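Below: the structure, in structure tokens.
The values are calculated or read from the model by the stated rules, or taken from the named source; none is laboratory data. All of these numbers come straight from a predicted model, not from anything done at the bench. Cβ sites come from the backbone with ideal geometry, for glycine too, and all protein chains shown count toward neighbours. Heavy atoms of the whole protein, side chains included, go into the accessibility calculation; ligands, DNA and RNA do not. Shrake-Rupley method; radii C 1.70, N 1.55, O 1.52, S 1.80 Å.
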Amino acid sequence: MECFYKATTPEKLNICKLIEKHSDTMPFYVKEYIQSKLTAGLSPDTLLQYLYRYKHFFNWLLSEGLVEAEDVAAIPFSELDRMRKDTIEMYIQFLRNEDISKKEVDTEGKTKALKLPEYRGVAVVALSIQALKSLFNYLTKETEEEDGECYFYRNVMSKIVTHKKGETASRIARDLNAVILNDDDISAYLKFIENGYSETLNSAEARSRYERDKVRDLTINSLILGTGMRVGEIASIEMNNLHLHSRYIDVVRKGNKPDSVSVLESAIEDLERYMGIRESKYPGAKQSPFLFVSVYGGVARPLSRRAIQNIVNKYTSAFFKSSKSPHKLRHSFAVDYFRSGGDIILLRDQLGHSDIKTTSLYTNMSSKDGEKVLNEMDKRR
């Protein structure tokens, strides 16, 4: 199965290999679905998570005796055609009651957790429903047999209604606002990475590693706070994506969409500084097309998304006494953008949102102005 990533890191190649591996255990119609969605540009990361959920669902059907087949690959689509709504509801209830810490078993009999740690509890249920809805929509609308008809037309997943929590955008924004970095925080945090973090280290080895990596780590944090880029986009930056003189970087967005992101001048300065020491600090970096690297086994290799998340968590935990994810830094950029007079359309493009409703959340997060208005009203009264 062809890898559909435009910028391919070892991490992304591994995702492609895992998609191929797990597709081989699926019925033919699931393989067709995966290939169709890859061709259409759906994120391989998302499809890999869908495959895990399909595997879980089909194994559950077999263990409960709800379908007749030798194994998962042998389950015919006719079983999905005649599947009852109460069967799906029973599966959803099973997911809600399942021990979320329980490990899954892979095709070799080894136990392993879900690949992405953010999928836990309620999120597993939502992801499973989303995955099954996507598969059933494909099977009932996009497939084609020799006579030109779809495999089947009865879509039981269309009867499954999910209810979102009734929180207003203002309430969600208020909760998020409590964990973002404000102007003074951002400045102090970046200074801490460069000068203060060493004071938290006890061993000479840890201090030596910090001295080697601090410019790189500062640049990673500065770039997220200076662009609002996603951690996956940061990990995928290649050297030829940089246009420092024009202050923008070419990126690959969700769905493998090419785009360009503007960069704050302060982050450009940090990038230039990192570029100046990249090859001396990380021998062999010249041979790597990727911007952010480290040395593993004496060889310069690109940093994975997980490694970048760990870098951010390490410094934020030391500075704020609780970790803040790269996504919180992204939120911080977005709020600061609005507070500085930014436009919602420009921010949507900067963040790479496909729906402006997502971007509009930050208009609520930035409104300390509302508090100021109320304070003024109190003074006048």
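In the range 49-74, the residues that are free of Cβ contacts under 8 Å to residues at least 12 places away in the same chain form no Cβ pair under 7 Å with any partner that is in a helix (DSSP H, G or I) and among the charged types (D, E, K, R), whether six or more places apart or across chains. Against the numbered list (1) modelled with pLDDT under 95; (2) part of a helix (DSSP H, G or I), Val295 comes up short only at (2). Restricting attention to the range 238-270, the residues that are acidic (Asp, Glu) and in a helix (DSSP H, G or I) total 3. Considering only residues of the range 174-183 that are in a helix (DSSP H, G or I) and open to solvent by 50 Å² or more (accessible area, probe 1.4 Å), which is modelled with the highest pLDDT? The qualifying residue modelled with the highest pLDDT is Asp183. Might you let me know whether the range 48-64 holds any residue that is more than 27 Å from Ser288 (Cα to Cα) and either outside any helix (DSSP H, G or I) or β-branched (Val, Ile, Thr) (or both)? Checked the range 48-64: at least one residue is more than 27 Å from Ser288 (Cα to Cα) and either outside any helix (DSSP H, G or I) or β-branched (Val, Ile, Thr) (or both). Among residues of the range 122-143 that are in contact (Cβ under 8 Å) with a residue 12 or more places away in the chain and open to solvent by less than 10 Å² (accessible area, probe 1.4 Å), none has a beta-carbon under 7 Å from a residue that is part of a helix (DSSP H, G or I) and of a type in the set (S, T, N, Q) at least six positions away or on a different chain.
Yes/no matrix, rows are residues, columns are (1) at pLDDT below 95; (2) outside any helix (DSSP H, G or I); (3) over 30 Å from Ile268 (Cα atoms):
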position: Lys133; (1), (2), (3): no, no, yes
position: Asn137; (1), (2), (3): no, no, yes
position: Asp147; (1), (2), (3): yes, yes, yes
position: Ile172; (1), (2), (3): yes, no, yes
position: Asp185; (1), (2), (3): yes, no, no
position: Gly196; (1), (2), (3): yes, no, no
position: Met229; (1), (2), (3): no, yes, no
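Do we have Ser262 as surrounded by 21 or more Cβ atoms within 10 Å (Cβ to Cβ) and within 23 Å of Thr359 (Cα to Cα) here? No; evaluated as a whole, the condition is false for this residue. If the condition is being of a type in the set (Gly, Ala, Ser) and in a helix (DSSP H, G or I), then the range 330-362 contributes Ser332, Ala334, Ser360.
The combined condition, being open to solvent by less than 50 Å² (accessible area, probe 1.4 Å) and in a helix (DSSP H, G or I), is not fulfilled by Arg273. The residue list Val251, Val215 contains one member that is touching a residue at least 40 places away in the same chain (Cβ under 8 Å), open to solvent by less than 30 Å² (accessible area, probe 1.4 Å) and touching a Pro at 6+ places or on another chain (Cβ under 8 Å), which is Val251.
Lys85 meets all of the listed conditions (1) out of contact with any Lys or Arg (no Cβ under 6 Å at 6 or more places or on another chain); (2) loosely packed, with under 14 Cβ neighbours inside 10 Å but one, namely (1). If you check Ser323 against the conditions, is it among the small types (Gly, Ala, Ser), within 29 Å of Lys37 (Cα to Cα), open to solvent by 50 Å² or more (accessible area, probe 1.4 Å) and not in a helix (DSSP H, G or I)? Judged against the criteria, Ser323 is not a match.
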